[in-house]
Structures are given as structure tokens and as C-alpha cells.
Amino acid sequence: MKFNCIRPSIVFQEVPDEISLCFSITGCKVGCKGCHSTELWNENQGVQLTNNLFIDWLNKYKDLITCVCFFGGEWQAETLIEKLIIANNLGLKTCLYSGENHINISISQHLTFLKTGKWTPELGGLNSPTTNQTFYNLKTGQKLNYLFKPTDDNTHLGEQNVAA
Ligand code: SF4
């Protein structure tokens with residue numbers, strides 16, 4: 001089964017107060033109207049994120065990062081869970097940006113943070129007061145949308161969130 005990813009990048013704003021290595025997994029089937037990341041719809045885009053490749057990336061950046069963030073990948077639950085366990089075992093927090101409203105507990109039990117909800121242009125992203133999306137700290141049960149309030153620095157987040 002494919003679990004391809006676009007080359008990961010370090011991000012600062014997608015997970016508040018964390019420095020995250022972010023993996024965008026291709027093969028998204030949510031099909032949000034107005035998706036700005038349609039390159040993520042084709043599961044053949046990117047390279048297969050094997051456990052060995054994932055571990056190589058984490059070893060390269062583990063002294064710089066505090067969290068690993070996945071944009072998508074919940075459609076391959078077992079494969080995603082393997083990655084979350086690897087990250088947790090390295091002492092890293094984990095986050096999933098999903099376009100779904102609900103995530104199976106078999107995945108969420110390995111997550112520190114979870115963003116749910118599809119991209120809906122008229123409602124906006126996490127920095128919009130009318131958004132349908134929710135960002136949770138699953139360890140505390142806290143809803144953290146308030147940390148995404150618009151500032152000059154994060155006005156892009158409304159678009160960035162379309163990646164999952
Ligand atoms: S916005 Fe995200 S969840 Fe929605 S179709 Fe695009 S990549 Fe998939």
C-alpha cells in the first residue's frame with residue numbers, strides 16, 4: 001500500500017509552541033472544494049515513506065524539533081500508527097492535520113495534537129472565527145483554536161490548513 005510523502009519541512013506555526021517536522025502524505029480522498037494542495041490527491045506523488053526513511057529524517061532533525069506533524073495519512077491507519085509510535089519513542093510529540101471530522105481512536109491514542117475538519121473557503125481556516133475546523137491537544141482535551149488568532153505572521157494559515 002502506498003504511503004508516499006512530499007519532502008518534509010520544518011514548520012513553526014502549524015502546531016502552536018512546537019517546532020515540527022511536517023510530512024505531507026499524498027493520496028488524500030477528502031476532496032475539499034477549493035483545496036490549495038491538489039498535488040496531494042495523487043497517491044503516486046512523492047516518495048514512499050518507509051519506516052527506515054522516516055527514522056533517517058527524524059535522526060537528522062531530532063535535536064532541532066519537538067514534534068512530528070502529518071498532513072493526512074489517516075487513510076493508511078496501520079502505516080501511520082507505526083510512524084507515530086516511532087516518533088513517540090524518540091520523545092517527540094505528534095500531530096495529525098486531517099480533513100475528516102473524526103479520527104479512529106487507534107490513531108488518536110498515539111497523537112498529542114489533532115486538527116479536524118475539511119477546508120471550507122467560506123468558513124475559513126483555524127485563524128477564522130467562523131471555521132468548522134478544530135485543533136485539539138488530545139492529552140489535555142483542550143481546544144486550541146484561540147492560539148491561531150490572526151497576526152501579521154500567521155495570516156497564511158487559512159491557506160496553509162488546506163494541506164489537510
Ligand atoms: S484541503 Fe486537505 S483534506 Fe481537503 S482535499 Fe485538500 S489536501 Fe485533502
Say we join alpha carbon atoms closer than 10 Å with springs in a Gaussian network model of the chain; which of 113, 12, 23 then has the biggest fluctuation?
12
DSSP bridge pairs, region 4-163: antiparallel proportion in percent, nearest 5
50 percent
On full extension of the chain, what length is gained from residue 42 through residue 109, given 0.36 nm per residue of separation minus the C-alpha to C-alpha distance?
21.3 nm
Helix-only mean residue ellipticity at 222 nm for the chain, each DSSP H run of n ≥ 4 adding -39500 (n - 2.57), per residue, nearest 500
-5000 deg cm²/dmol
Which one of 120, 140, 66 has the biggest mean-square fluctuation once the chain is modelled by GNM with Cα springs under 10 Å?
140
With every protein chain present, what accessible area does residue 41 have (1.4 Å probe, heavy atoms only), rounded to the nearest 10 Å²?
110 Å²
Under 5 Å, built H, 5+ apart or other chain: amide partners of residue 67
19, 21, 93
Which entries of 2/143; 2/149; 29/93 have Cα-Cα distances beyond 30 Å here?
2/143; 2/149
Residue by residue through region 90-102, what is 3J(HN,Hα) from phi via Karplus (6.51 cos²θ - 1.76 cosθ + 1.60, θ = phi - 60°)? Round to whole Hz and write x for glycine and proline.
8, x, 9, 6, 9, 9, 10, 9, 10, x, 7, 8, 9
When only the heavy atoms of the protein chains count and the probe is 1.4 Å, how do 15, 47, 30 rank by accessible area, highest first?
47, 30, 15
Give me the 1.4 Å probe accessible area per residue for the chain, excluding ligands and nucleic acids, in Å².
50 Å²
Quotient of C-alpha Rg and 2.2 N^0.38 Å, computed over the chain:
0.95
Heavy atoms only, probe 1.4 Å: what % of the accessible area of region 62-132 goes to carbon and sulfur, would you let me know?
51 percent
What is the set of long-range amide H partners of residue 24 at a cut-off below 5 Å, with H atoms built 1.01 Å from backbone N?
6, 71
Using a Förster distance of 22 Å, the FRET efficiency for residue 89-residue 140 (Cβ separation, nearest 0.05)
0.55
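The values are calculated or read from the model by the stated rules, or taken from the named source; none is laboratory data. All of these numbers come straight from a predicted model, not from anything done at the bench. Cβ sites come from the backbone with ideal geometry, for glycine too, and all protein chains shown count toward neighbours. Just so you know, the surface numbers come from the protein's heavy atoms only, side chains and all, with ligands and any DNA or RNA stripped out. Shrake-Rupley method; radii C 1.70, N 1.55, O 1.52, S 1.80 Å.
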